[in-house]
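**Q** Handing you this structure, nothing more for now.
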């Protein structure tokens with residue numbers, strides 16, 4: 001009961017902004033004595049703080065207001081992606097306090113090595129946060145693939161070459177870390193730190209293509225947390241073979257590798273040589289061949305953009321085709337999940353000028369007769385920061401939803 | 001505050017079954033005096049009823065328990081479909097008290113005529129309910145197409161030939177009636193009156209193909225309530241033209257008209273001649289031609305089943321193709337929304353022996369490598385009753401969620 005009331009009071013402080021104890025009693029239906037005791041506990045834990053007196057409109061008496069404290073409790077958002085590691089420290093008032101990003105090439109790296117590098121980056125950021133008076137109470141790690149959230153195991157991150165990697169256990173940080181899918185967290189990043197929309201389908205364009213659906217401010221995750229695999233929505237049932245076992249999946253038309261290949265920049269089959277643990281030894285043995293056969297690299301998107309800017313016909317055709325395929329897959333998604341807005345993130349940010357029109361044209365031709373309006377297609381403003389910010393924000397949400405868990409530690 | 005507490009108490013009585021006032025106070029955190037007053041109000045309104053004394057485990061003192069009353073308040077579930085009208089009266093304890101179904105052919109009927117027929121059927125059922133001591137407090141009407149729930153207007157029900165029909169206003173029943181999509185309500189019917197699953201995608205196979213997604217006991221409706229248009233998920237982007245403006249939508253492979261046409265039983269384009277208001281006059285004028293070109297009828301599915309039982313090659317091939325297409329569209333749906341189980345309803349009930357295997361085989365070939373297990377594909381046991389039961393259950397849910405609204409009337 002106390003845990004529920006702590007959450008009730010902190011939730012109201014969080015959603016309403018500065019508020020008096022008297023108003024909290026009125027809103028929650030709890031007695032003023034109970035509210036005062038709960039607020040005292042929340043202040044002791046550094047979760048809320050008194051912030052001067054305001055006049056209470058109803059009665060005209062001045063009251064001390066409390067608000068969520070940005071000065072004590074903080075969270076860490078972590079991200080492992082193909083070409084960078086990211087750490088973000090965010091305080092309880094959702095202000096980003098520290099940003100650390102390190103460019104790497106994780107395509108051929110051992111999970112243990114990647115995790116060790118991320119741990120160093122995170123621990124340094126946490127030290128810096130301590131110097132700022134912040135206490136990091138938890139973290140969430142974004143990875144590009146489906147995750148067992150219960151055990152913190154990455155089932156399959158093909159662009160990293162990871163399968164069944166217990167990344168939470170490997171990370172060994174001095175606070176609990178949960179592991180979640182990058183596409184879901186990027187959608188939450190867009191929700192909490194983005195352009196202010198609360199109903200949208202966020203598309204994370206990478207080598208794989210994930211999506212996160214936010215409806216009325218909540219992330220939809222499906223029955224097992226695996227919703228949003230937009231990259232394997234069928235564009236054409238007899239199309240190119242996909243690593244998922246299907247054919248003609250969106251990823252084969254609009255994923256980063258597919259775009260690079262169609263532009264004539266690189267091979268598309270890097271993941272086939274780095275399944276299993278994608279070990280550094282295997283990379284060392286096969287690295288030359290890999291480079292020779294043209295594995296895509298972190299610079300691919302900027303190389304594609306350069307070709308597009310130079311009006312390269314292959315690059316333009318690749319984007320036209322990707323935009324069409326994205327439109328076909330999104331029309332299925334719109335029919336199934338009815339998003340209000342489509343937000344294109346990841347590689348579709350820099351590529352938007354060349355794919356946006358084809359996406360919208362395809363949506364209009366396929367949906368125009370059924371619907372009053374086709375959902376608008378817009379670009380995310382967060383770029384690659386979305387997932388790490390969503391990860392940090394996820395911890396904040398959990399603290400707000402269950403402050404008692406923190407009070408007990 | 002009182003409204004919230006009434007809902008809190010009734011919700012606990014509803015979810016926990018018979019419970020003492022003392023236990024309710026403990027569960028809700030409200031005082032015993034408050035709980036007693038709220039329970040008295042709920043008893044006065046006929047929503048809960050005392051049902052004898054039980055021994056309270058903790059203290060050993062006997063207490064009077066209350067439970068949701070099945071004796072007073074009831075709801076009506078209504079359905080307009082192509083070949084039948086249905087009315088179900090369900091009491092607050094979710095017992096089905098009255099079933100009324102009338103076979104009709106609504107394909108060429110005026111909305112006003114259809115609604116008048118349904119009104120008569122509903123009013124007779126309500127009279128019978130009154131004789132049983134029940135008070136019908138509200139209704140929900142299931143229609144086969146997207147609906148503006150706010151105004152009770154059917155946007156587009158192509159198999160009825162309806163466009164922008166303000167059916168709630170036409171119905172004029174002596175209690176509020178909301179209008180909702182048949183596919184959503186059928187999924188809720190499956191949830192509340194079906195096989196006990198609480199995580200599934202229910203597929204309503206009719207002339208159109210709708211789906212309703214239930215996750216942890218809640219219906220997912222998307223941002224505007226139009227989620228679940230499985231019939232317009234892309235099977236093949238260059239496939240047959242669809243009435244939605246797209247090409248190769250699932251409906252063109254696995255809808256009732258498509259199946260009948262592929263079996264050689266009927267034309268597939270009835271809706272093209274009955275758009276607009278699909279008036280009886282138009283039907284009278286064009287009825288003969290319609291019959292001559294072979295409009296599908298209510299008996300189509302039994303005729304298809306008869307051909308299947310006779311091993312008719314065209315019918316078998318049509319089902320094989322429909323099962324494959326359903327598998328392709330469902331693989332996109334599974335990737336996007338991650339349902340636990342697929343429940344096939346509507347025409348896929350009688351057709352299941354001939355399509356089930358192709359559905360599962362297609363899902364396995366497309367999803368097998370990505371997932372530990374492909375979601376099981378099962379048949380609904382409710383048949384055509386699912387939507388009307390879901391409609392009645394929807395009213396019950398609303399009463400439980402907001403009993404204060406009822407107390408004020």
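**Q** Right, residue B:407: surrounded by fewer than 24 Cβ atoms within 10 Å (Cβ to Cβ), in contact with a helix residue (DSSP H, G or I) (Cβ under 7 Å, 6 or more places away or on another chain), over 19 Å from residue B:230 (Cα atoms) and at pLDDT 95 or above or not? Before you say what the answer is, go through the steps one by one.
**A** Values: surrounded by fewer than 24 Cβ atoms within 10 Å (Cβ to Cβ): yes; in contact with a helix residue (DSSP H, G or I) (Cβ under 7 Å, 6 or more places away or on another chain): yes; over 19 Å from residue B:230 (Cα atoms): yes; at pLDDT 95 or above: no.
It is false that residue B:407 is surrounded by fewer than 24 Cβ atoms within 10 Å (Cβ to Cβ), in contact with a helix residue (DSSP H, G or I) (Cβ under 7 Å, 6 or more places away or on another chain), over 19 Å from residue B:230 (Cα atoms) and at pLDDT 95 or above.
**Q** Answer yes or no as to whether residue B:391 is more than 14 Å from chain A (Cβ to nearest Cβ), assigned to a helix (DSSP H, G or I) and at pLDDT 95 or above.
**A** Values: more than 14 Å from chain A (Cβ to nearest Cβ): yes; assigned to a helix (DSSP H, G or I): yes; at pLDDT 95 or above: yes.
It is true that residue B:391 is more than 14 Å from chain A (Cβ to nearest Cβ), assigned to a helix (DSSP H, G or I) and at pLDDT 95 or above.
**Q** Being away from chain A (no Cβ under 14 Å), surrounded by fewer than 18 Cβ atoms within 10 Å (Cβ to Cβ) and in a helix (DSSP H, G or I) narrows it down to one residue among B:385, B:357; which is it?
**A** Numbers: B:385 fails: surrounded by fewer than 18 Cβ atoms within 10 Å (Cβ to Cβ).
Just a single option satisfies the conditions, and that option is B:357.
**Q** Right, here's the next one. With the checklist (1) within 14 Å of chain B (Cβ to nearest Cβ); (2) within 15 Å of residue A:259 (Cα to Cα); (3) more than 27 Å from the chain's Cα centre (by Cα) in hand, flag the one item residue A:325 doesn't pass.
**A** Exception for residue A:325: condition (3).
**Q** How about the range A:168-239: which strands (runs of 3 or more DSSP E) wholly inside it have at least 3 residues that are within 11 Å of another protein chain (Cβ to nearest Cβ) and either under 22 Å from residue A:253 (Cβ atoms) or touching a residue at least 60 places away in the same chain (Cβ under 8 Å) (or both)? Step through it out loud before you land on a result.
**A** Numbers: elements: A:177-181, A:200-205, A:209-215, A:218-220.
Result: A:209-215.
**Q** Which count do you get for residues in the range B:336-351 that are away from every other protein chain (no Cβ under 14 Å) and part of a loop (DSSP other than H, G, I, E, B)? Even if it seems obvious, please write down each step before you answer.
**A** Kept after step one, since they are away from every other protein chain (no Cβ under 14 Å), are these residues of the range B:336-351: B:344-351.
Keeping just the survivors that are part of a loop (DSSP other than H, G, I, E, B) gives B:347.
Result for the range B:336-351: 1.
**Q** Can you tell me which residue is nearest to the chain's Cα centre (by Cα) among those in the range B:94-107 that are surrounded by fewer than 16 Cβ atoms within 10 Å (Cβ to Cβ) and outside any strand (DSSP E or B)?
**A** Of everything passing the filter in the range B:94-107, B:95 is nearest to the chain's Cα centre (by Cα).
**Q** Test residue B:359 against the stated conditions and say whether it is in the same structural domain as residue B:307 (by TED's automatic domain parsing) and either within 19 Å of residue A:337 (Cα to Cα) or in contact with a strand residue (DSSP E or B) (Cβ under 7 Å, 6 or more places away or on another chain) (or both). Working first, answer last.
**A** Details: in the same structural domain as residue B:307 (by TED's automatic domain parsing): yes; either within 19 Å of residue A:337 (Cα to Cα) or in contact with a strand residue (DSSP E or B) (Cβ under 7 Å, 6 or more places away or on another chain) (or both): yes.
Taking the combined requirement at face value, the residue satisfies it.
**Q** From the list A:395, A:305, A:343, A:378, which one is surrounded by fewer than 22 Cβ atoms within 10 Å (Cβ to Cβ) and within 21 Å of the chain's Cα centre (by Cα)? Explain how you work it out, then say what you get.
**A** Details: A:395 fails: surrounded by fewer than 22 Cβ atoms within 10 Å (Cβ to Cβ); A:305 fails: within 21 Å of the chain's Cα centre (by Cα); A:343 fails: surrounded by fewer than 22 Cβ atoms within 10 Å (Cβ to Cβ).
Just a single option satisfies the conditions, and that option is A:378.
**Q** Given (1) at pLDDT 75 or above; (2) surrounded by 18 or more Cβ atoms within 10 Å (Cβ to Cβ), where does residue A:283 come up short, assuming only one miss?
**A** That leaves (1) as the condition not met.
**Q** Kindly check whether there is at least one residue in the range A:125-134 that is closer than 25 Å to residue A:205 by Cα and outside any helix (DSSP H, G or I).
**A** Kept after step one, since they are closer than 25 Å to residue A:205 by Cα, are these residues of the range A:125-134: none.
So far as the range A:125-134 goes, no, none of its residues is closer than 25 Å to residue A:205 by Cα and outside any helix (DSSP H, G or I).
**Q** Out of the range A:24-53, which residues are within 14 Å of chain B (Cβ to nearest Cβ), surrounded by fewer than 20 Cβ atoms within 10 Å (Cβ to Cβ) and touching a residue at least 12 places away in the same chain (Cβ under 8 Å)?
**A** Selection gives A:27, A:28, A:30, A:34.
**Q** Now for a different question. What number of residues within the range A:362-396 satisfy the criterion of being in contact with a strand residue (DSSP E or B) (Cβ under 6 Å, 6 or more places away or on another chain) and farther than 20 Å from residue A:339 by Cβ?
**A** Number of matching residues: 7.
**Q** Taking into account only those residues within the range A:364-374 that are touching a helix residue (DSSP H, G or I) at 6+ places or on another chain (Cβ under 6 Å) and surrounded by fewer than 23 Cβ atoms within 10 Å (Cβ to Cβ), which is farthest from residue B:249 (Cα to Cα)?
**A** Of all residues in the range A:364-374, those touching a helix residue (DSSP H, G or I) at 6+ places or on another chain (Cβ under 6 Å) come to A:366-367, A:374.
If we keep only those that are surrounded by fewer than 23 Cβ atoms within 10 Å (Cβ to Cβ) as well, we get A:367, A:374.
Numbers: A:367: 11, A:374: 17 Å.
This residue is A:374.
**Q** From the residues in the range A:364-382 that are within 22 Å of residue B:330 (Cβ to Cβ) and in a helix (DSSP H, G or I), which one is nearest to the other protein chains (Cβ to nearest Cβ)?
**A** Within the range A:364-382, the subset within 22 Å of residue B:330 (Cβ to Cβ) is A:366-367, A:370.
Subset that is in a helix (DSSP H, G or I): A:366-367.
On the way: A:366: 4, A:367: 7 Å.
Among those residues, the one meeting the criterion is A:366.
**Q** Please go through the range A:9-22 and pick out each residue that is surrounded by 19 or more Cβ atoms within 10 Å (Cβ to Cβ) and either free of Cβ contacts under 8 Å to residues at least 24 places away in the same chain or touching a helix residue (DSSP H, G or I) at 6+ places or on another chain (Cβ under 8 Å) (or both). Reasoning before the result, please.
**A** Restricting attention to the range A:9-22, the residues satisfying the condition of being surrounded by 19 or more Cβ atoms within 10 Å (Cβ to Cβ) are A:9-10, A:13-14, A:19-21.
Scanning the range A:9-22 gives A:9, A:10, A:13, A:14, A:19, A:21.
**Q** Can residue B:227 be described as within 24 Å of residue A:340 (Cβ to Cβ) and at pLDDT 95 or above? Let's see the steps before the verdict.
**A** Details: within 24 Å of residue A:340 (Cβ to Cβ): yes; at pLDDT 95 or above: no.
No; evaluated as a whole, the condition is false for this residue.
The values are calculated or read from the model by the stated rules, or taken from the named source; none is laboratory data. Everything numeric here is computed off the predicted structure, so don't read it as measured data. Neighbour counts are summed over all protein chains in view; Cβ atoms, including those assigned to glycine, are modelled from backbone coordinates with ideal geometry.
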